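Below is one structure, written out as structure tokens, with a few remarks after it.
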Amino acid sequence: MNTDLSRFNTGNYAAGPKWKIGLWYLVNYYIFNSALPWPYGIKRRLLRSFGAKVGKGLVIKTKVRIKYPWKLEIGDHCWIGESVWIDNLDEVRIGDHVCISQGAMLLTGNHDYKRSDFPYRLGGIRIEDGVWIGAQSVVCPGIVCGSHAVLTVKSVAAKDMDAWLVYAGNPAISVRKREILA
């Protein structure tokens, strides 16, 4: 049997009320995905007003896209770089002191290519304290990034990342221990 995208439907998946999704789309487009450097405090308050759990000290740069803030939790003192895409059809939990660099993508959804109707395959992402997701890297659905792990530039985390290791490549593999100097 061949792929038949005319048979695709979202099944029982529901992102939230249509009015909330529509209103968020406008806020996301004009404030978060804007090239204008809106103050971080305004962005934090907007995320919280749409149901995100946001700690103190969040730095969120320009051109950031967030699918659904009500499925997002961000700890204290995190940095989200320019052009980051948080495509959170499912829950994304980000710990404290996490850096997500420019152009990185957190993808909680994919499709089941083995089925002709191409249904969703979803999996939440958990990024533990002290993790650094490098520029233009991808974290795939269902991944746990262990405490203080590093995903280097343009790498793809397709499997869980153990704590205190540096990962590189596509698919990313551990290449060395992470050491932090005082």
Q) What number comes out for the charge environment of Arg126, summing +1 per Lys or Arg and -1 per Asp or Glu over other residues with Cβ under 14 Å away? A) -4
Q) So what's the net charge close to Gly81: Lys and Arg +1, Asp and Glu -1, counting the other residues with Cβ under 13 Å from its Cβ? A) +2
Q: Choose one of Val64, Ala104, Leu47: the residue whose Cα lies farthest towards the positive end of the charge dipole of the stretch 19-118 (beta-carbon charges +1 Lys, Arg; -1 Asp, Glu; about the Cα centre).
A: Leu47
Q. When we measure straight from the Cα of Lys20, which lysines land under 27 angstrom away, once same-chain ones fewer than 8 places off are left out?
A. Lys43, Lys53, Lys56, Lys61, Lys63, Lys67, Lys71
Q: Leaving ligands, DNA and RNA out of it, report the carbon-plus-sulfur percent of the accessible area of the chain at a 1.4 Å probe.
A: 55 percent
Q: Using the Karplus curve 6.51 cos²θ - 1.76 cosθ + 1.60 with θ = phi - 60°, work out ³J(HN,Hα) for each residue of the stretch 37-42 in order, rounded to whole Hz, and write x for Gly and Pro.
A: x, 4, x, 4, x, 5
Q. When the scattering of the stretch 27-110 is computed by the Debye formula from its Cα atoms alone, each counted once and equally, what is log10 I(q)/I(0) at q = 0.21, 0.22, 0.23 Å⁻¹?
A. -0.94, -1.05, -1.17
(Q) Using helices alone, I'd like the mean residue ellipticity at 222 nm for the chain: each DSSP H run of four-plus residues gives -39500 (n - 2.57), total over residue count, nearest 500. (A) -3000 deg cm²/dmol
Q. Can you pull out the chymotrypsin sites (Phe, Trp or Tyr not before Pro) in the stretch 41-132 that DSSP calls coil and that have at most 16 other Cβ atoms within 10 Å?
A. Tyr113
Q. To the nearest 20 debye, what charge dipole does the chain have about its Cα centre, counting +1 at the Cβ of each Lys and Arg and -1 at the Cβ of each Asp and Glu?
A. 440 debye
Q) What is the sum of charges around Lys61, taking Lys and Arg as +1, Asp and Glu as -1, for the other residues whose C-beta is under 15 Å from the C-beta of Lys61? A) +3
Q. Heavy-atom accessible area per residue, the chain, 1.4 Å probe: how many Å²?
A. 55 Å²
Q: At 1.4 Å probe size, with no ligands or nucleic acids counted, give the accessible surface of Asp4 in Å², nearest ten.
A: 60 Å²
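The values are calculated or read from the model by the stated rules, or taken from the named source; none is laboratory data. On a predicted model such as this, the values are computed, not experimentally measured, just so you know. Glycine also receives a Cβ, built like all others from the backbone with ideal geometry; neighbour counts cover every protein chain displayed. The area values use the complete protein model at the heavy-atom level, side chains included, leaving out ligands, DNA and RNA. Shrake-Rupley method; radii C 1.70, N 1.55, O 1.52, S 1.80 Å.
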